[in-house]
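In what follows, a structure is listed as C-alpha cells, so that the remarks can point back to it.
The values are calculated or read from the model by the stated rules, or taken from the named source; none is laboratory data. Remember, it's a predicted structure, so these values are computed and weren't measured experimentally. A quick note on method: Cβ atoms are made from the backbone with ideal geometry, for glycine too, and the neighbour counts reach across all protein chains shown.
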Amino acid sequence: MHRRRAAGAVALAAIACLAAACSPATGPSATTQADAPPAPPPIVVEHARVFDGERDLGEVTLVIRDGLIERVARAGAGDLPADAERIDYRGRFIVPGLVNAHAHVGNTEGTAHGDRFYTREHVVRDLRQFQAYGVTTVMSLGMNGAAFGDIRHAVAGDPSLGAGGGIGAPGGAPPAANMGLVHDPVARPATAAEARAAVRAQAESGVDIIKLWVDELGGQVAPMAPEVYRATIDEAHRQKLLAAAHIHDLAPAADLVAGGLDIVAHGVRDRAVDPAFVAAMRTSNAGYIATLQIDEANYVYAERPEWLETPFLRNALPETVRAQWSDPQWRADKLRDPQTAKARAALATNLRNLSALREAGVRLGFGTDAGALPHRVPGFAEHRELELMMQAGFTPQQALTVATRDSAHLLRLDDRGLLQPGRRADFIVVAADPLADIRNLRTIEAVWQAGRRVAGPVAEYRAP
Ligand SMILES: [Zn+2]
C-alpha cells in the first residue's frame, strides 16, 4: 500500500498501512499471500447519528471493510453485505476520531518529566491514554529521543506520528535544563548549513515533519537566528516535509510565515495579531494551532475548578499527580507564582487571537501540547481544548471540524479525519449529542481505529 505513495509520504503512509493492519492475524505485513487467512467480514454500524467531520448526517449506516469506511448508507438500506458483522449503536452519536497535531509522548512519569522517560513502555502508555479519550491520531511534535524510529516501528498499530528530535537553538528553546533533556534529542544548528544538514539527517531517519522552536522565552534564552530558521524551513520543503514551529510571540511568527512555514504550532500570546499577520496567514495558507489549554494548565488545577474531581479528569491522572493537586501548599504556591498571572493573560490573548483568525477564515489545526509536562494531561487536554474553543466563538460543530477534518488535512493525512468512503474508520461513539454541547463528547462508550474497536468506555479507563 505505501509503495504507491510519493517518496516524501512514505513514512506517513507506512503508519497508516500498519495501523489498518494492527491485528497480526489479518495484517498483510504479518503473513505471506499463500498462508493469508480469509479476509475478515465487513462491519455494519447501524442506528447511530453520525457527524462525518463536516456535516450532521442524521441517522445513517456505516459499512466498514478492511479498516476503511466503504460506504455511508441511508438508515434502513436493504442492500448491505449479507456476511457483515452488525453493530447496533441505537441512540448513540458518532464523530471522527480526534487528530492532535501537537502533542508529545514518552516525556513524563508521575510528576516528573524529561527525555529519560522516552521508552517504548511510556510511549505506548501515552498513546493508549490518548486513544481511550478518543484521540486516534497523535503527532508527537519534537523532543522524541533517538529511539523514535524503532519505537514508532514497534508500536505501528498505535496512532502515532512524529517529528523526531526537532530543531532548536544552541542554548535556546526548548531549554534543555527545564525540559529535563539529559541526552538532548534536539538538533541545535548554529548556521544555515548546519540547519540543512540537521533537517536532512532527520528526514533520513524517517520523521514525518520538521519541528522548530523560535522563542526566546521572554528574553531568557538565546534566539534562533533568522537564517537558521529560514534554511530549516526551506530544507524541510526540499525533503518534502512540512515545517511546524513552536512560537509564543507575534514577531517571530510573522517572520516564520514569511519564510514559508507550514504550521504555527502555538497561538500568538504576547499581543493581538495585526491585519498584516492575518493577511499573511491567509495568503500563505499556513495553518494555526492555538493550543489554548497549554497556559491554562499551568494554573487551573490549583484553582480547584468544580470539574477537578470529575472521573473524566481524575481517571487520566497518575496517583502522584492527583496527590500533588490535592496538596494545599502546592496550590497556594502555584497561585502565588508570578507565572500564573502571565499564564492567565496569555490564555486571554490566545482566545482573542484565535477568535480573530477564525473570523478571518485562516486555516486551523488542533493541538494541545499534552504529554510534554505532567499537568498537560493526554486525553483530558483535548476535551478541555474543545471546551475552550467555545470561548473563542466556535460552535461545537465548528470545533469538531477543526479537530478532525482540518487537523488531518493540515498534516496531509488525507486518509482520515472524515467519515467518508475510502477514509480510515477512526471514530468515537458517544452517549450524548456533542453538537448540542461539546462536553457531551466526554460520554465516550467506544473508540474505533482503522475499523477495530480499540478502547472504551472511557469511564472504565484508569491512568497507570
Ligand atoms: Zn510541544
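Worth pointing out:
- The set of residues from region 274-294 being within 24 Å of the chain's Cα centre (by Cα), assigned to a loop (DSSP other than H, G, I, E, B) and within 20 Å of Asp215 (Cα to Cα) comprises Ala286, Ile289, Ala290, Thr291, Leu292.
- Gly58 being part of a loop (DSSP other than H, G, I, E, B) and more than 26 Å from Gly379 (Cα to Cα): no
Quick grid of which residues meet (1) within 15 Å of the ligand (Cβ to nearest atom); (2) among the small types (Gly, Ala, Ser):
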{"site": "Arg230", "(1), (2)": "no, no"}
{"site": "Gly260", "(1), (2)": "no, yes"}
{"site": "Arg269", "(1), (2)": "yes, no"}
{"site": "Met281", "(1), (2)": "no, no"}
{"site": "Tyr288", "(1), (2)": "yes, no"}
{"site": "Thr291", "(1), (2)": "yes, no"}
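- So Ala403, is it buried (at least 24 other Cβ atoms within 10 Å of the Cβ), of a type in the set (A, V, I, L, M, F, W, C) and closer than 16 Å to Tyr288 by Cβ: yes
- Every condition in (1) more than 24 Å from the chain's Cα centre (by Cα); (2) hydroxyl-bearing (Ser, Thr, Tyr); (3) within 16 Å of the ligand (Cβ to nearest atom) is met by Ser140 except one, and the failing one is (1).
- Note on region 311-379: enclosed helices (runs of 4 or more DSSP H) holding 2 or more residues that are more than 30 Å from Arg125 (Cα to Cα) and without any contact (Cβ under 8 Å) to a residue 60 or more places away in the chain are 328-336, 338-359.
- The set of residues from region 305-333 being more than 27 Å from the chain's Cα centre (by Cα) and of a type in the set (Lys, Arg) comprises just one member, Arg331.
- Close contacts from region 262-274, counting a first residue that is closer than 19 Å to His409 by Cβ and a second that is small (Gly, Ala, Ser) and within 12 Å of the ligand (Cβ to nearest atom), with Cβ to Cβ under 6 Å and a gap of 6+ residues or different chains, come to Ile263/Ala244; Ala265/Ala244; Ala265/Ala245.
- Among the numbered conditions (1) in contact with a strand residue (DSSP E or B) (Cβ under 8 Å, 6 or more places away or on another chain); (2) modelled with pLDDT of 95 or more; (3) surrounded by fewer than 24 Cβ atoms within 10 Å (Cβ to Cβ); (4) among the hydrophobic types (A, V, I, L, M, F, W, C), the only one that Ala244 does not meet is (3).
- Enumeration of residues in region 191-228 that are in contact with a helix residue (DSSP H, G or I) (Cβ under 9 Å, 6 or more places away or on another chain), within 16 Å of the ligand (Cβ to nearest atom) and part of a loop (DSSP other than H, G, I, E, B): Val207, Asp208, Ile209, Val214, Asp215, Met224
- Of all residues in region 436-462, those satisfying the criterion of being under 27 Å from Gln391 (Cβ atoms) and out of contact with any strand residue (DSSP E or B) (no Cβ under 9 Å at 6 or more places or on another chain) are Ala436, Asp437, Ile438, Arg439.
- Qualifying residue in region 316-338 (condition: within 16 Å of the ligand (Cβ to nearest atom) and closer than 26 Å to Gln131 by Cβ): no
- Residue within region 97-106 that is away from the ligand (no atom under 16 Å from the Cβ) and not β-branched (Val, Ile, Thr) present: yes
- Subset tally (residues that are touching a His at 6+ places or on another chain (Cβ under 9 Å) and either under 13 Å from Pro185 (Cα atoms) or not assigned by TED's automatic domain parsing to the domain that holds Asp184 (or both)) for region 119-154: 6
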